[in-house]
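First up is the structure itself, then whatever we jot down about it.
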Amino acid sequence: MPRRTLALLLAALVVLTGAAQAQATGYRYWSFWDRDGDRWTYATQGPSLARPSDGDVQGFRFAVSEDSKDAAQPEGAAEFAVICARTPAQDGKKRVALVIDFGTAADAPSGETPPARRAACARVAPDATTAQALASVAKPLRYDTNALLCAIAGYPEKGCGEQVAGGDESAGTESAASEPRKEPSDDGPSLGLIAGTAVVTALGAAAFWQTRRRRNG
């Protein structure tokens with residue numbers, strides 16, 4: 001009987017863990033990155049606030065991610081000297097290298113195909129923001145009412161930071177286009193965590209009961 005109980009509890013734990021993973025929610029959006037040496041770091045300011053310096057490299061990536069910790073990074077060449085090789089320096093201007101990665105077909109909204117990733121050198125005023133630099137090389141840009149960047153070079157045509165349920169990355173809702181992307185809540189433990197804890201507790205109790213029975217036997 002104890003062995004059967006343990007087997008059932010272990011099976012329940014596996015099922016609950018899978019259910020918790022299935023409930024994971026991602027967001028389809030453009031993430032913004034700064035190049036630091038030979039690696040990308042998630043930008044701490046939005047493109048409308050960031051003011052890059054001459055010689056900086058910045059990137060954008062369209063993808064489905066749960067949050068900044070698992071966000072996909074831009075791919076492709078990211079060297080300033082390479083991207084801006086054909087854009088000579090000019091007095092009173094700064095040059096900013098931009099890497100624009102439109103992502104994969106798996107992350108694309110239903111019915112849309114991501115363009116090929118590209119790199120461009122923006123030559124703009126010294127006080128220009130990243131958004132202004134981006135607008136000079138990748139129009140049209142689209143923003144929502146909260147100034148969230150929704151589209152670069154017209155991609156995607158619809159949607160803006162919409163939620164995408166786990167396992168259904170092509171079923172975004174257009175209603176989220178007027179709202180800024182929201183990070184997953186950290187207000188409390190998830191249902192999967194609570195259930196998993198209960199199962200682990202039950203497993204411990206069953207093991208203790210079995211050991212005690214053997215000693216008494």
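The values are calculated or read from the model by the stated rules, or taken from the named source; none is laboratory data. Please read all numbers here as calculations on a predicted model, not as lab measurements. So basically every Cβ, Gly included, is an ideal-geometry build from the backbone, and we count neighbours across all protein chains shown.
Restricting attention to region 145-161, the residues that are at pLDDT 95 or above and touching a Ser or Thr at 6+ places or on another chain (Cβ under 7 Å) total 0.
Of the residues making up region 72-105, those that are within 18 Å of G159 (Cα to Cα) and either crowded, with 16+ Cβ neighbours inside 10 Å or modelled with pLDDT under 95 (or both) are D101, F102, G103.
Given the criterion under 14 Å from Y27 (Cβ atoms), hydrophobic (A, V, I, L, M, F, W, C) and in contact (Cβ under 8 Å) with a residue 24 or more places away in the chain, identify the matching residue among F80, F62, F102. If you could, list the steps in order and put the result at the bottom.
Details: F80 fails: under 14 Å from Y27 (Cβ atoms); F102 fails: under 14 Å from Y27 (Cβ atoms).
Going through F80, F62, F102 in turn, the sole match is F62.
T25 meets the conditions (1) β-branched (V, I, T); (2) buried (at least 22 other Cβ atoms within 10 Å of the Cβ); (3) modelled with pLDDT under 95 in every case but one. The failed one is (2).
For region 107-117, the count of residues that are touching a Leu at 6+ places or on another chain (Cβ under 8 Å) and either surrounded by 12 or more Cβ atoms within 10 Å (Cβ to Cβ) or at pLDDT 95 or above (or both) is zero.
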